[in-house]
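Data block below; observations after.
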């Protein structure tokens, strides 16, 4: 857009000019905002020609003399290198090669101080020079137009050329624009506006031809529509030299008025073309490419002479040197050597500056090398570049805004930068500041404005980098979370699948087995009841120890019990299949059965009621009476049954069925006695061997348990069959057979309890002797006791089951005997329960429980706090110790509370035992038994419903009712006992 | 009377129309999720260090949105507190960094690889998966990904993880802030007209 603008007025102008005076008038020069006129100080160094720099002992070549990625070393310490040999190659797009500036030996590759305001070290290649300055074999290109631009760009890249004006941007990037990018103007920057520097001035004066050749190469590469050279009007010799060299070619020399910072890229573009490069844009985006004269010269040397960039013209100036001037310095020459070469005047150097005074930086180490961008070294006396005066408050004079070449508001930027208000500073285009220093130069308060901007820019960059890093961290964090969640979901899914498979297997298993064989069923039932018992035991232990998971254990036990019941029912169903089917055949038998069932269940209920009364104490007189009534009714029923049995004495079918139960009973006896034997054996062994035979004992106990279970199973079968079978048959055999198992059982019970006692004794002995397996023995004893209890319970059941038949004969006695049972037991319970004490204990128990809970909670919290503190290291060692002490205290408190609680629970349990004559376990067992019996009966009823006659059904339902009441009573007794002692939880 | 009726009818009609418009708008321009959480999260430094008491930056952002104090992020420093105060319109609190006075110094974890036993505990602890290694093999930290959160140090059974300060490089170095009014700016070059 500005191209026609600048060419249109030129045409008529030049025509007019030719017509008018015959001389070519200078093209229009635009202006940019602001700018200053600092003392030029160029006279110090521009009077003498360029002389070669020193050949120092050592050259230090930083791997990043340019903007972009550091070059990658191609040599190792000890390698011999020749002048111009590439010693580091460019890595990545934005990079430049490095060549040995002279021949010598690589002595080290390592950190050395480099040209950076931070004064930090960076990796450098150190070359010990050999003084021969021997060139590597090299050859220039006679006619660069033979080569394609791409080849030339590569050559420039590998010649290590980077912007010589001061920024050091790799030239190969700047001259390698894509085909789509049309270059309108190629600008050659020969302005050199900063004070003191005269390197480009001298270069133009002395080597104008070579510079122009370099510009031609640039033209070939970029194919611009116009090429302009901008030179400040304070360099007349340079202007004339360049003009001479440009004669006859399409390069326009434009003289710009002296003003700092005309040499800034954007400012020069504006001066010569009138185009403004917008904020954030590159010059190429407005069709302009800007190159320094020094760069053009280096390109010529690289392309035409085959010499890579190994030296540059550097101005050495300042009061501190006696021979200021321009030196063609080998790259890597330490400033120290250059100063020596320039004859350090022996003055006190106030300041050593690399670059110009406006944009350069102070060197604190003279060992820093001259690099590709070093256009000037100022060794100034304190008078020349004095220490800056103290910063004063801003007086808002606005001078800075007047001189800002970038059209910014330096004062606003200053405030925002000072207050770290980076967002606002950016809003005021902080990043467009070119750090020229014009604002600071004019500031009457001597505010180091540029430093503030540099600081703020650094912060902005840091924040941007942090943000990038934070985003990356967030991504990684979220990805990780997602991954963990997915893993967990998969795990859960697998678990669910496994559970599902197990459940299916379980469901399919029993159904199949029930049809297969009774033996397997029996085994399953045994296993189930074993598991149930173990669970109950575990729950008991847990209860005794006051463990937290009591409820869980109980639930588990209940579940197992249900399973066991199911299994048992299955076994019984399988076994009873035949008798049950046979039963409804005979009407009279059914009736008898019904009556016998009634009587027996009533009797059982009465017994249970008596037990309940025992547990409940004196309050339940009414219940007792009701029990007595039931009993009477049962007696009546028995009478009626007896009558009928007498009337229908010769019932045909019975004997066949009877042989079975008899055999079974016999078997039971055998089993029971073997169980007894093993129990005794186990007890004896425990007694004899004391400590060592834990494993053996366990095996023994298991055997015993298995035997007991077996016995129980058989007994139940006998129970199921006995009441049905005996009545219709002759009374004689039953009366002979029936007492037998009962007696055997009694004997078993006695033996078992003896075994238990022996085991307890053994355990005590072991305790006293401090044997290791005392706990084992104790648990063994507990097991034996459980067996004994079980046997006792079985005996009771057997007794309950047996009486109907023997008592059927002496009907009269039954009526009188039966009621006596509860009445005998009632007074006992009346005497023993002390409700007041129980209530007191309950209260205390509750209090203790709360106390324990509180203490435990506090302890947990304190512990957590301690761990947190430890992890975060937020607390000092003392604090941690104090916390530890506190935790210990709390723990002790919690333990005390728990001990007290345990003691009280034990006491309560003992009380229950004392009051009810049996412990909680027995009560629970009874309740469970009653419930399972009820469940069995219900199942039976369900099965019979379709096949059996009405009478049978009636009998069954009445049995069921009786069982139900029985169960309820048992439950109630248990509940009461538990509640009474405050052990409900 | 009719005037009153007309007025009431008109107002009711207006109410119905505006209600409908608002209802439609609230459905049409419904914002899914809580955008404030996103905004808060973007201000947090994402070190995922858990020093705020939450398992990561986002949970803390959610907690802040629900009213928790916004001064519990030591890695973010006071700047983050200020930024959050501005975003949320809440009072500017002082940073709650008990004992973590050097929180603003960037650090990265460094595993002394000779001592590493390959237990993978640090790998599991790292919230940003910045540690590579396998069981019984030496682990190392991907420095560029490490947020310096410190969480890997504690699980290490052999204490071979150090938190090293990140030294500025030539790329990350920045000019320091001038000392201020009354001080001589040390790096300023005073060009005077002699």
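Its relative contact order, with pairs defined as Cα atoms under 8 Å and 6+ residues apart, puts the range B:83-194 at 26 percent. Dividing the summed -39500 (n - 2.57) terms of all DSSP H runs of n ≥ 4 by the residue count of chain B sets its mean residue ellipticity at 222 nm at -10000 deg cm²/dmol.
Mean per-residue shielding of peptide B:135-147 is 1, counting Cβ atoms of other chains within 10 Å of each Cβ.
Report note on the peptides B:158-169, A:104-115: ranked by the mean count of other C-beta atoms within 10 Å, highest first, their order is A:104-115, B:158-169. When every alpha-carbon pair in chain B is counted, what percent end up more than 21 Å apart? I get 68 percent for the Cα pairs in chain B exceeding 21 Å. Convex hull volume of the C-alpha atoms in the range A:140-255, normalised per residue: 114 Å³. As a proxy for reagent exposure, A:218, A:408, B:5, B:170 were ordered by neighbouring Cβ count within 10 angstrom, fewest first; the result is B:5, B:170, A:408, A:218.
Inter-chain neighbour count for A:41-52: the average number of beta-carbon atoms from partner chains within 10 Å of each residue's beta-carbon is 0.
Here the spin labels are modelled as points 7 Å beyond Cα on the Cα-Cβ line, and at residue B:165 and residue B:34 they lie 3.9 nm apart. Annotation: peptides A:369-375, A:964-970, ranked by per-residue average of other Cβ atoms within 10 Å with the highest first, follow the order A:369-375, A:964-970.
The Rg/Rh ratio for the range A:840-901 is 1.16, where Rg is the radius of gyration of the alpha carbons and Rh is the Kirkwood radius. When you restrict to C-alpha pairs under 8 Å that are six or more residues apart and normalise by the size of the range B:35-88, the relative contact order lands at 35 percent. Mean per-residue shielding of peptide A:381-387 is 3, counting Cβ atoms of other chains within 10 Å of each Cβ.
Each of A:850, A:317, B:94 has some number of other Cβ atoms within 10 Å of its Cβ, and from fewest to most they run B:94, A:850, A:317. Each of A:229, A:217 has some number of other Cβ atoms within 10 Å of its Cβ, and from fewest to most they run A:217, A:229. Take every DSSP beta bridge whose two residues both sit in the range A:51-380; close to 60 percent of them are antiparallel.
Its relative contact order, with pairs defined as Cα atoms under 8 Å and 6+ residues apart, puts the range A:45-132 at 31 percent.
A short reminder: the numbers here are calculations on the coordinates, not readings from a lab. Treat the numbers as computed from the prediction; the structure is a model and nothing was measured. Note that we place each Cβ from the backbone using ideal geometry, even for glycine, and neighbour counts take in every protein chain shown.
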